[in-house]
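Encoded as C-alpha coordinates, the structure appears first; notes follow it.
The values are calculated or read from the model by the stated rules, or taken from the named source; none is laboratory data. Here the structure is a predicted model, which means the values were calculated and not measured. Backbone-built Cβ (ideal geometry, glycine too); neighbour counts: all protein chains shown.
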Amino acid sequence: MPRHANAPGPRASLTRAVTEQPLTSPRHARTLERHRLLRRTGVGALAAALFLGSGATFAYSELQGNIGRHDIDDLLGDDRPSAVASAEPIDSKAGQPINLLVMGSDVRAGESDVDGAGAAGEVTGMRSDTTMIAHVSADRSRVDVVSIPRDTLVDVPSCRLPDGTETPEQYDVMFNSAFQTGGETGDVGAAAACTIRTVEDLTGIFIDDFVVVDFAGFKNVVEALDGVPLYIPEPIDDPFAQLQVAAGCQVLDGTEALGVARARKTVGDGSDISRIGRQQELVAAIAREALSKNLLTDLPALYQFLDAATSTLTTGPYIGGLPTMAGLANSLRGLEPGAISFATMPFDWAGPRVVPSVDAEQMWENIKADRPIDATLTGTGEAPVPEPTETATDDPTSPPTEEPTDDGVVTAAPSPEPTIPVCTK
(Lines give C-alpha, C1' and ligand atoms only; values in the text may rest on other atoms or scores of the structure.)
Protein backbone atom coordinates (compact mmCIF):
# COMPACT_ATOMS: atom_id res chain seq x y z
CA MET A 1 0.00 0.00 0.00
CA PRO A 2 1.41 3.46 -0.79
CA ARG A 3 2.82 5.20 2.24
CA HIS A 4 0.47 8.14 1.86
CA ALA A 5 -2.56 5.86 2.01
CA ASN A 6 -1.84 5.24 5.68
CA ALA A 7 -2.93 7.47 8.52
CA PRO A 8 -1.32 10.91 8.40
CA GLY A 9 2.39 10.44 8.92
CA PRO A 10 4.90 12.64 10.67
CA ARG A 11 5.68 14.76 7.64
CA ALA A 12 2.05 15.74 7.09
CA SER A 13 1.41 16.55 10.74
CA LEU A 14 4.64 18.49 11.05
CA THR A 15 3.90 20.45 7.92
CA ARG A 16 0.62 21.48 9.50
CA ALA A 17 2.41 22.37 12.69
CA VAL A 18 4.59 24.79 10.74
CA THR A 19 2.09 26.21 8.30
CA GLU A 20 -0.65 26.71 10.85
CA GLN A 21 1.52 28.92 13.06
CA PRO A 22 -0.10 32.38 13.23
CA LEU A 23 1.91 34.95 11.32
CA THR A 24 1.31 37.59 13.95
CA SER A 25 0.48 37.51 17.63
CA PRO A 26 -0.01 39.98 20.46
CA ARG A 27 3.19 41.51 21.74
CA HIS A 28 2.97 39.78 25.11
CA ALA A 29 2.47 36.43 23.38
CA ARG A 30 5.57 36.95 21.26
CA THR A 31 7.55 37.82 24.36
CA LEU A 32 6.31 34.68 26.14
CA GLU A 33 7.23 32.53 23.13
CA ARG A 34 10.73 34.02 23.05
CA HIS A 35 11.20 33.24 26.75
CA ARG A 36 10.01 29.67 26.30
CA LEU A 37 12.37 29.15 23.39
CA LEU A 38 15.30 30.61 25.31
CA ARG A 39 14.74 28.15 28.14
CA ARG A 40 14.94 25.26 25.66
CA THR A 41 18.46 25.82 24.36
CA GLY A 42 20.71 24.15 26.90
CA VAL A 43 21.86 21.77 24.17
CA GLY A 44 22.71 24.13 21.33
CA ALA A 45 25.77 21.91 20.79
CA LEU A 46 23.98 19.21 18.82
CA ALA A 47 22.54 21.89 16.59
CA ALA A 48 26.02 23.24 15.92
CA ALA A 49 27.44 19.78 15.35
CA LEU A 50 24.85 18.83 12.77
CA PHE A 51 24.49 22.39 11.46
CA LEU A 52 20.87 22.46 12.56
CA GLY A 53 20.97 25.74 14.40
CA SER A 54 18.81 26.03 17.52
CA GLY A 55 15.26 26.94 18.40
CA ALA A 56 15.98 29.75 20.83
CA THR A 57 15.68 33.24 19.42
CA PHE A 58 14.98 36.77 20.45
CA ALA A 59 14.61 37.80 16.80
CA TYR A 60 12.31 34.99 15.69
CA SER A 61 11.20 36.23 12.30
CA GLU A 62 14.70 37.22 11.18
CA LEU A 63 16.18 33.84 12.07
CA GLN A 64 13.29 31.89 10.58
CA GLY A 65 13.71 33.88 7.39
CA ASN A 66 17.32 32.70 7.13
CA ILE A 67 16.25 29.11 6.50
CA GLY A 68 15.19 28.09 3.02
CA ARG A 69 12.53 25.40 3.44
CA HIS A 70 11.36 23.07 0.65
CA ASP A 71 8.34 20.77 0.69
CA ILE A 72 9.62 17.73 -1.23
CA ASP A 73 6.93 15.21 -0.29
CA ASP A 74 5.52 15.03 -3.83
CA LEU A 75 9.00 14.45 -5.26
CA LEU A 76 9.75 11.42 -3.09
CA GLY A 77 6.97 9.21 -4.47
CA ASP A 78 5.10 6.43 -2.66
CA ASP A 79 7.56 3.51 -2.90
CA ARG A 80 9.43 4.33 0.32
CA PRO A 81 10.24 2.42 3.54
CA SER A 82 7.54 2.52 6.18
CA ALA A 83 7.58 5.26 8.80
CA VAL A 84 6.14 5.16 12.29
CA ALA A 85 2.95 7.22 12.14
CA SER A 86 2.66 10.06 14.62
CA ALA A 87 0.11 12.77 15.17
CA GLU A 88 2.62 15.00 16.95
CA PRO A 89 5.69 16.93 15.77
CA ILE A 90 8.79 14.78 15.99
CA ASP A 91 10.66 17.26 18.13
CA SER A 92 8.14 17.03 20.97
CA LYS A 93 7.14 13.35 20.77
CA ALA A 94 9.11 11.11 23.06
CA GLY A 95 9.85 7.56 22.02
CA GLN A 96 10.27 8.10 18.27
CA PRO A 97 13.66 7.88 16.54
CA ILE A 98 14.52 10.52 13.92
CA ASN A 99 16.64 10.09 10.80
CA LEU A 100 17.92 13.25 9.12
CA LEU A 101 19.99 13.40 5.96
CA VAL A 102 22.63 16.12 6.28
CA MET A 103 24.31 17.23 3.05
CA GLY A 104 27.14 19.70 2.58
CA SER A 105 27.03 21.69 -0.64
CA ASP A 106 28.10 24.85 -2.42
CA VAL A 107 24.63 25.45 -3.85
CA ARG A 108 24.03 28.87 -2.22
CA ALA A 109 27.44 30.49 -2.41
CA GLY A 110 28.70 29.33 -5.79
CA GLU A 111 32.26 29.39 -4.46
CA SER A 112 35.06 27.32 -5.95
CA ASP A 113 34.61 23.60 -5.56
CA VAL A 114 37.79 21.82 -4.51
CA ASP A 115 37.25 18.98 -6.94
CA GLY A 116 36.86 20.62 -10.29
CA ALA A 117 35.51 24.17 -10.37
CA GLY A 118 37.00 26.63 -12.80
CA ALA A 119 39.51 29.27 -11.81
CA ALA A 120 36.79 31.89 -11.66
CA GLY A 121 35.04 29.93 -8.94
CA GLU A 122 32.08 28.82 -11.03
CA VAL A 123 30.48 25.50 -10.18
CA THR A 124 28.85 23.48 -12.93
CA GLY A 125 25.60 22.11 -11.53
CA MET A 126 24.82 21.35 -7.92
CA ARG A 127 27.43 19.43 -5.95
CA SER A 128 27.26 17.64 -2.62
CA ASP A 129 30.49 16.09 -1.40
CA THR A 130 29.39 15.43 2.18
CA THR A 131 26.41 13.29 3.14
CA MET A 132 25.63 12.03 6.63
CA ILE A 133 22.72 10.09 8.11
CA ALA A 134 22.09 11.59 11.56
CA HIS A 135 20.07 9.19 13.70
CA VAL A 136 18.56 10.56 16.92
CA SER A 137 17.62 7.71 19.23
CA ALA A 138 14.04 7.35 20.43
CA ASP A 139 15.04 7.95 24.06
CA ARG A 140 17.13 10.99 23.02
CA SER A 141 20.17 9.53 24.80
CA ARG A 142 22.46 9.46 21.76
CA VAL A 143 23.01 10.65 18.20
CA ASP A 144 24.65 8.37 15.62
CA VAL A 145 26.15 9.97 12.52
CA VAL A 146 27.11 7.81 9.53
CA SER A 147 28.96 9.28 6.55
CA ILE A 148 28.29 7.86 3.08
CA PRO A 149 31.36 8.29 0.84
CA ARG A 150 30.62 10.38 -2.23
CA ASP A 151 32.56 7.85 -4.34
CA THR A 152 30.25 4.95 -3.40
CA LEU A 153 28.91 3.16 -6.47
CA VAL A 154 25.11 3.00 -6.23
CA ASP A 155 21.96 2.79 -8.33
CA VAL A 156 20.09 6.10 -8.50
CA PRO A 157 16.32 5.63 -8.96
CA SER A 158 14.20 7.73 -11.27
CA CYS A 159 13.64 11.08 -9.57
CA ARG A 160 10.71 13.45 -10.00
CA LEU A 161 11.64 17.06 -10.76
CA PRO A 162 9.65 20.22 -9.95
CA ASP A 163 8.76 20.71 -13.62
CA GLY A 164 6.95 17.35 -13.62
CA THR A 165 9.56 15.41 -15.58
CA GLU A 166 11.22 12.20 -14.40
CA THR A 167 14.93 11.50 -14.61
CA PRO A 168 16.04 8.09 -15.96
CA GLU A 169 17.33 5.46 -13.56
CA GLN A 170 21.11 5.24 -13.30
CA TYR A 171 23.12 2.16 -12.44
CA ASP A 172 26.54 1.80 -10.83
CA VAL A 173 27.21 5.54 -10.63
CA MET A 174 28.87 7.67 -7.96
CA PHE A 175 26.62 8.41 -5.00
CA ASN A 176 26.96 12.19 -5.17
CA SER A 177 25.53 12.16 -8.71
CA ALA A 178 22.07 11.77 -7.10
CA PHE A 179 22.24 15.32 -5.74
CA GLN A 180 23.35 16.69 -9.10
CA THR A 181 20.65 14.72 -10.93
CA GLY A 182 17.86 15.99 -8.67
CA GLY A 183 19.24 19.53 -8.92
CA GLU A 184 19.06 19.71 -12.72
CA THR A 185 16.48 22.49 -12.55
CA GLY A 186 18.38 24.42 -9.90
CA ASP A 187 16.04 23.43 -7.05
CA VAL A 188 17.84 22.45 -3.84
CA GLY A 189 14.83 20.57 -2.50
CA ALA A 190 14.68 18.39 -5.61
CA ALA A 191 18.40 17.68 -5.28
CA ALA A 192 17.83 16.61 -1.68
CA ALA A 193 14.79 14.51 -2.64
CA CYS A 194 16.74 12.53 -5.23
CA THR A 195 19.51 11.94 -2.68
CA ILE A 196 16.96 10.80 -0.09
CA ARG A 197 15.44 8.32 -2.56
CA THR A 198 18.90 6.98 -3.32
CA VAL A 199 19.77 6.63 0.38
CA GLU A 200 16.48 4.92 1.18
CA ASP A 201 16.99 2.46 -1.68
CA LEU A 202 20.56 1.81 -0.52
CA THR A 203 19.83 1.39 3.19
CA GLY A 204 16.13 0.70 3.69
CA ILE A 205 16.12 3.50 6.28
CA PHE A 206 13.24 5.99 6.26
CA ILE A 207 14.59 9.55 6.16
CA ASP A 208 12.35 11.92 8.12
CA ASP A 209 13.75 15.14 6.70
CA PHE A 210 16.86 16.78 5.29
CA VAL A 211 19.33 19.57 5.93
CA VAL A 212 21.53 21.05 3.20
CA VAL A 213 24.44 23.00 4.65
CA ASP A 214 26.03 25.82 2.72
CA PHE A 215 29.77 25.16 3.01
CA ALA A 216 30.63 28.82 2.46
CA GLY A 217 28.19 29.96 5.16
CA PHE A 218 29.39 27.22 7.53
CA LYS A 219 32.51 29.24 8.27
CA ASN A 220 30.29 31.89 9.87
CA VAL A 221 29.21 29.32 12.48
CA VAL A 222 32.85 28.73 13.42
CA GLU A 223 33.43 32.48 13.57
CA ALA A 224 30.42 32.85 15.88
CA LEU A 225 32.13 30.35 18.23
CA ASP A 226 35.34 32.44 18.10
CA GLY A 227 37.15 29.60 16.36
CA VAL A 228 37.37 25.86 16.89
CA PRO A 229 40.43 24.07 18.37
CA LEU A 230 41.53 21.03 16.36
CA TYR A 231 44.64 18.85 16.19
CA ILE A 232 46.31 18.89 12.75
CA PRO A 233 48.60 15.84 12.45
CA GLU A 234 50.68 17.23 9.57
CA PRO A 235 51.08 20.63 7.90
CA ILE A 236 48.50 21.32 5.21
CA ASP A 237 49.20 23.42 2.13
CA ASP A 238 46.24 22.87 -0.16
CA PRO A 239 45.65 25.54 -2.83
CA PHE A 240 42.45 23.78 -3.95
CA ALA A 241 40.95 24.33 -0.47
CA GLN A 242 42.75 27.65 -0.05
CA LEU A 243 44.26 26.34 3.16
CA GLN A 244 47.64 26.70 4.83
CA VAL A 245 47.87 25.50 8.42
CA ALA A 246 50.71 24.22 10.60
CA ALA A 247 50.77 20.88 12.38
CA GLY A 248 49.73 20.55 16.02
CA CYS A 249 46.90 22.04 18.04
CA GLN A 250 45.42 24.97 16.17
CA VAL A 251 42.44 27.23 16.76
CA LEU A 252 40.85 27.34 13.32
CA ASP A 253 38.96 30.38 12.17
CA GLY A 254 35.98 30.00 9.86
CA THR A 255 37.96 30.04 6.62
CA GLU A 256 40.49 27.51 7.94
CA ALA A 257 37.77 25.21 9.28
CA LEU A 258 36.04 25.29 5.90
CA GLY A 259 39.35 24.45 4.25
CA VAL A 260 39.86 21.46 6.54
CA ALA A 261 36.35 20.23 5.74
CA ARG A 262 36.99 20.47 1.99
CA ALA A 263 40.69 19.59 1.62
CA ARG A 264 41.41 16.31 -0.12
CA LYS A 265 43.94 16.23 -2.94
CA THR A 266 47.05 17.26 -1.00
CA VAL A 267 46.24 15.77 2.41
CA GLY A 268 46.86 12.20 3.55
CA ASP A 269 46.30 9.72 0.75
CA GLY A 270 44.18 12.21 -1.22
CA SER A 271 41.05 10.06 -0.98
CA ASP A 272 37.51 11.05 -0.10
CA ILE A 273 37.65 8.43 2.67
CA SER A 274 40.44 10.24 4.51
CA ARG A 275 38.59 13.54 4.06
CA ILE A 276 35.52 12.02 5.72
CA GLY A 277 37.62 11.25 8.81
CA ARG A 278 38.79 14.86 9.04
CA GLN A 279 35.26 16.15 8.57
CA GLN A 280 34.02 13.97 11.42
CA GLU A 281 36.82 15.20 13.69
CA LEU A 282 35.89 18.79 12.83
CA VAL A 283 32.20 18.23 13.52
CA ALA A 284 33.10 16.64 16.87
CA ALA A 285 35.27 19.66 17.70
CA ILE A 286 32.42 22.05 16.86
CA ALA A 287 30.11 20.05 19.14
CA ARG A 288 32.58 20.25 22.02
CA GLU A 289 33.14 23.95 21.56
CA ALA A 290 29.43 24.74 21.40
CA LEU A 291 28.74 22.61 24.48
CA SER A 292 31.46 24.41 26.42
CA LYS A 293 29.79 27.79 25.91
CA ASN A 294 26.83 28.97 27.94
CA LEU A 295 25.36 31.11 25.20
CA LEU A 296 22.24 31.94 27.20
CA THR A 297 24.28 34.21 29.46
CA ASP A 298 25.39 36.33 26.51
CA LEU A 299 22.42 37.28 24.34
CA PRO A 300 24.43 39.13 21.67
CA ALA A 301 26.66 36.07 21.28
CA LEU A 302 23.58 33.83 21.21
CA TYR A 303 22.02 35.85 18.41
CA GLN A 304 25.28 35.89 16.46
CA PHE A 305 25.53 32.13 16.72
CA LEU A 306 21.91 31.49 15.79
CA ASP A 307 22.03 33.93 12.90
CA ALA A 308 25.15 32.20 11.55
CA ALA A 309 23.79 28.70 12.10
CA THR A 310 20.40 29.24 10.47
CA SER A 311 21.79 31.20 7.52
CA THR A 312 23.68 28.09 6.36
CA LEU A 313 20.62 25.89 6.05
CA THR A 314 18.16 24.69 3.46
CA THR A 315 15.73 22.17 4.94
CA GLY A 316 12.44 20.35 4.56
CA PRO A 317 9.25 22.03 5.76
CA TYR A 318 9.31 20.94 9.39
CA ILE A 319 12.84 20.47 10.69
CA GLY A 320 13.49 24.00 9.41
CA GLY A 321 10.81 25.45 11.69
CA LEU A 322 12.24 27.10 14.79
CA PRO A 323 9.55 25.58 17.06
CA THR A 324 10.52 22.11 15.83
CA MET A 325 14.21 22.82 16.37
CA ALA A 326 13.48 24.15 19.84
CA GLY A 327 11.53 21.06 20.82
CA LEU A 328 14.24 18.72 19.55
CA ALA A 329 16.96 20.71 21.29
CA ASN A 330 14.96 20.62 24.52
CA SER A 331 14.56 16.85 24.37
CA LEU A 332 18.32 16.50 23.85
CA ARG A 333 19.32 18.92 26.58
CA GLY A 334 21.16 16.25 28.60
CA LEU A 335 23.25 15.00 25.70
CA GLU A 336 27.00 14.78 26.32
CA PRO A 337 29.74 14.81 23.64
CA GLY A 338 30.46 11.14 24.31
CA ALA A 339 26.91 10.27 23.26
CA ILE A 340 27.47 11.62 19.73
CA SER A 341 29.00 8.81 17.66
CA PHE A 342 30.53 8.93 14.18
CA ALA A 343 31.20 6.19 11.65
CA THR A 344 31.74 5.78 7.93
CA MET A 345 29.65 3.32 5.94
CA PRO A 346 31.57 0.00 5.88
CA PHE A 347 32.87 -0.49 2.35
CA ASP A 348 35.04 -2.52 0.01
CA TRP A 349 37.25 -0.94 -2.62
CA ALA A 350 36.14 -1.24 -6.24
CA GLY A 351 39.11 0.22 -8.09
CA PRO A 352 39.22 3.93 -7.18
CA ARG A 353 35.58 3.77 -5.97
CA VAL A 354 33.93 1.92 -3.10
CA VAL A 355 30.88 -0.31 -2.62
CA PRO A 356 29.02 -1.15 0.60
CA SER A 357 30.52 -4.16 2.35
CA VAL A 358 28.55 -6.93 4.05
CA ASP A 359 29.06 -5.07 7.35
CA ALA A 360 27.14 -2.08 5.98
CA GLU A 361 23.90 -4.07 6.11
CA GLN A 362 24.38 -4.62 9.85
CA MET A 363 24.90 -0.89 10.35
CA TRP A 364 21.67 -0.11 8.48
CA GLU A 365 19.83 -2.73 10.54
CA ASN A 366 21.13 -1.19 13.77
CA ILE A 367 19.86 2.24 12.75
CA LYS A 368 16.47 0.86 11.72
CA ALA A 369 16.22 -0.99 15.05
CA ASP A 370 17.42 2.10 16.98
CA ARG A 371 20.50 0.26 18.24
CA PRO A 372 23.94 1.89 18.70
CA ILE A 373 26.26 1.67 15.72
CA ASP A 374 29.84 0.43 15.69
CA ALA A 375 31.42 3.89 15.87
CA THR A 376 35.01 4.99 15.32
CA LEU A 377 34.81 8.47 16.90
CA THR A 378 32.69 10.30 19.45
CA GLY A 379 32.00 13.94 20.15
CA THR A 380 34.81 13.85 22.72
CA GLY A 381 37.29 13.61 19.85
CA GLU A 382 38.32 10.11 20.89
CA ALA A 383 37.33 6.58 19.98
CA PRO A 384 34.37 5.10 21.88
CA VAL A 385 35.17 3.56 25.26
CA PRO A 386 34.14 -0.12 25.32
CA GLU A 387 31.47 -1.06 27.81
CA PRO A 388 33.01 -2.76 30.88
CA THR A 389 32.56 -6.51 30.88
CA GLU A 390 33.34 -9.25 33.34
CA THR A 391 36.66 -10.84 32.42
CA ALA A 392 39.08 -13.34 33.86
CA THR A 393 41.16 -10.47 35.26
CA ASP A 394 38.57 -10.11 38.01
CA ASP A 395 39.63 -13.56 39.22
CA PRO A 396 42.70 -13.49 41.51
CA THR A 397 43.77 -16.83 40.02
CA SER A 398 43.79 -15.47 36.45
CA PRO A 399 47.11 -14.79 34.67
CA PRO A 400 48.70 -11.36 35.21
CA THR A 401 48.45 -8.68 32.56
CA GLU A 402 52.21 -8.89 32.13
CA GLU A 403 53.47 -11.37 29.55
CA PRO A 404 56.64 -13.53 29.79
CA THR A 405 59.14 -13.40 26.92
CA ASP A 406 61.03 -16.39 25.50
CA ASP A 407 63.84 -15.91 28.03
CA GLY A 408 61.41 -15.89 30.94
CA VAL A 409 61.54 -12.13 31.59
CA VAL A 410 58.15 -10.66 32.36
CA THR A 411 57.28 -7.50 30.44
CA ALA A 412 54.24 -5.28 30.45
CA ALA A 413 51.49 -6.02 27.93
CA PRO A 414 51.42 -3.69 24.89
CA SER A 415 49.74 -0.34 25.48
CA PRO A 416 46.73 0.61 23.36
CA GLU A 417 47.28 2.82 20.34
CA PRO A 418 47.49 6.51 21.32
CA THR A 419 44.45 8.62 20.59
CA ILE A 420 44.42 11.86 18.61
CA PRO A 421 45.14 14.77 20.97
CA VAL A 422 42.08 16.78 21.93
CA CYS A 423 42.91 20.47 21.76
CA THR A 424 41.46 23.34 23.77
CA LYS A 425 41.70 27.09 23.40
Query raised in the report: Which is farther than 30 Å from ARG333 by Cα and within 23 Å of the chain's Cα centre (by Cα), of ASP144, ASP209, ASP163, ASP155?
Result: ASP155
**Report entry** Odd one out for GLU365 among (1) modelled with pLDDT under 70; (2) outside any loop (DSSP other than H, G, I, E, B)
**Finding:** (1)
Requested in this report: Taking ARG371 as the residue in question, decide whether it is of a type in the set (Lys, Arg), over 19 Å from ARG150 (Cα atoms), modelled with pLDDT of 95 or more and over 17 Å from the mean Cα position of the chain (by Cα).
Outcome: yes
Query raised in the report: Name the pairs: first residue in segment 148-159 and at positive phi, second residue surrounded by fewer than 21 Cβ atoms within 10 Å (Cβ to Cβ) and of a type in the set (A, V, I, L, M, F, W, C), Cβ to Cβ under 8 Å, at least 6 apart or on different chains?
Result: none
Query raised in the report: Counting only residues that are under 17 Å from ALA360 (Cβ atoms), crowded, with 19+ Cβ neighbours inside 10 Å and not acidic (Asp, Glu), how many does segment 179-204 have?
Result: 4
Query raised in the report: Can we say VAL354 is in contact with a Ser or Thr (Cβ under 6 Å, 6 or more places away or on another chain) and closer than 30 Å to ASP155 by Cα?
Result: yes
Query raised in the report: So, in segment 222-241, of the ones that are acidic (Asp, Glu) and over 23 Å from PHE305 (Cβ atoms), which residue ends up surrounded by the fewest Cβ atoms within 10 Å (Cβ to Cβ)?
Result: GLU234
Query raised in the report: When only residues in segment 301-327 that are within 15 Å of the chain's Cα centre (by Cα) and not in a loop (DSSP other than H, G, I, E, B) count, which is surrounded by the most Cβ atoms within 10 Å (Cβ to Cβ)?
Result: MET325
Query raised in the report: Is there a residue being outside any helix (DSSP H, G or I), farther than 24 Å from GLY379 by Cα and not hydroxyl-bearing (Ser, Thr, Tyr) anywhere in segment 270-280?
Result: yes
Query raised in the report: Among the residues of segment 242-257, is any touching a residue at least 40 places away in the same chain (Cβ under 8 Å) and surrounded by 22 or more Cβ atoms within 10 Å (Cβ to Cβ)?
Result: no
Query raised in the report: Within segment 341-363, can you find the residues that are surrounded by 16 or more Cβ atoms within 10 Å (Cβ to Cβ) and either of a type in the set (Asp, Glu) or under 16 Å from the mean Cα position of the chain (by Cα) (or both)?
Result: SER341, PHE342, ALA343, THR344, MET345
